[in-house]
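Please read the structure below before turning to the comments.
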Amino acid sequence: MRVVLLGPQGAGKGTQAQRISEKTGAEHISTGDLVRAEIKAGSELGRKIKDYNDRGELVPDEIIIEMAKPYLSETESWLLDGFPRNEAQARALDEALQEIGRDLDWAVALEAPDEELVMRLSGRRQSQATGKIYHVEHDPPPEGGDDKGPFIQREDDAEGAIRRRLEIYHEHTEPLKDYYGEKGILVTVDATRGIPEVTGDVLREMGQPAEGGT
Ligand code: AP5
């Protein structure tokens, strides 16, 4: 199973990728996590891309393509979260897949209105211990469980950066729905439903057993 997850910031790509990965065994590849790991490591590359990330701008295509590419051939089965984000990246992904003789099975577009997304992102917390994503109201970080955190708010979840990321999504990423629609592999899912319901809908749309949605 090789799947691209599309959707605006806060639609739940990371949340759903984690859940579907646990249920299907497909690897969760998040270019956002790769970017944040590089920044945290303080590498030369990390210093170069930090400013783009913090302002909510896209990291230049040539950099992000080089970061994502090695992961595509590492496992047979994966969910790409946050890549591609524009047509140049989608074409680069097609070329990379052609080089390794593999096809994309699905592009799953998670859909939700902007007002809901701003509310979700301002309540998001991520565990520094496990990378797991939570929401202060809809999916609160556990108290006294295995995941001890700390549960932090991302630099780019400030309101100005959230609005900028949504603008970029509508201008550059949303047109990829047509790109994959023309290839006949696009499915769209209403992401305003509860987290388990959305998981069930995504699995069903991809022809996977949907009991995992609960
Ligand atoms: P990235 O980390 O990919 O961030 P993003 O695209 O802004 O996406 P998000 O992580 O904000 O949203 P999500 O859809 O994953 O939502 P989540 O599941 O967390 O990228 C960060 C930066 O890296 C970019 O801005 C850019 O600089 C760079 N970058 C990355 N990829 C790049 C690329 N290809 N090209 C160039 N630059 C790139 O959910 C959000 C919140 O909502 C959570 O709190 C969650 O608990 C909650 N929630 C989720 N689903 C539901 C639900 N159904 N009901 C209620 N709450 C929900």
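The values are calculated or read from the model by the stated rules, or taken from the named source; none is laboratory data. Please read all numbers here as calculations on a predicted model, not as lab measurements. Note: ideal-geometry Cβ built from the backbone for every residue, glycine included; neighbour counts use all protein chains shown.
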For region 45-71, what are the residues that are of a type in the set (Lys, Arg) and closer than 19 Å to residue 163 by Cβ? 55
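I'd like the residue in region 1-45 that is touching a Gly at 6+ places or on another chain (Cβ under 6 Å) and either among the polar types (S, T, N, Q) or touching a residue at least 60 places away in the same chain (Cβ under 8 Å) (or both) and, out of all such residues, is farthest from residue 209 (Cα to Cα).
By that ranking, first place goes to 31.
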What residue, of 169, 134, is farther than 25 Å from residue 26 by Cα, among the hydroxyl-bearing types (Ser, Thr, Tyr) and in contact with a Pro (Cβ under 7 Å, 6 or more places away or on another chain)? 169
For region 109-136, name all the residues that are in contact with an Asp or Glu (Cβ under 7 Å, 6 or more places away or on another chain), within 25 Å of residue 186 (Cβ to Cβ) and in a strand (DSSP E or B). 111
Does region 204-214 include one or more residues that are within 20 Å of residue 30 (Cα to Cα), of a type in the set (A, V, I, L, M), more than 14 Å from the ligand (Cβ to nearest atom) and under 18 Å from the mean Cα position of the chain (by Cα)? yes
Within region 128-165, which residues are over 14 Å from residue 14 (Cβ atoms) and among the polar types (S, T, N, Q)? 128, 153
When the residues of region 97-151 are filtered to those that are within 12 Å of the ligand (Cβ to nearest atom), free of Cβ contacts under 8 Å to residues at least 40 places away in the same chain and of a type in the set (S, T, N, Q), which remaining residue is surrounded by the most Cβ atoms within 10 Å (Cβ to Cβ)? 126
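For region 79-96, which positions are among the acidic types (Asp, Glu) and more than 9 Å from the ligand (Cβ to nearest atom)?
If the condition is that a residue be among the acidic types (Asp, Glu) and more than 9 Å from the ligand (Cβ to nearest atom), then 87, 94, 95 are the ones that fit.
Quick one: in region 152-172, of everything that is within 11 Å of the ligand (Cβ to nearest atom) and assigned to a loop (DSSP other than H, G, I, E, B), which residue is surrounded by the most Cβ atoms within 10 Å (Cβ to Cβ)?
154
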I need the full set of residues from region 68-96 which are of a type in the set (Ser, Thr, Tyr) and touching a residue at least 60 places away in the same chain (Cβ under 8 Å), in order please. 77
In this structure, does residue 35 turn out to be in a strand (DSSP E or B), modelled with pLDDT of 95 or more and within 12 Å of the ligand (Cβ to nearest atom)? no
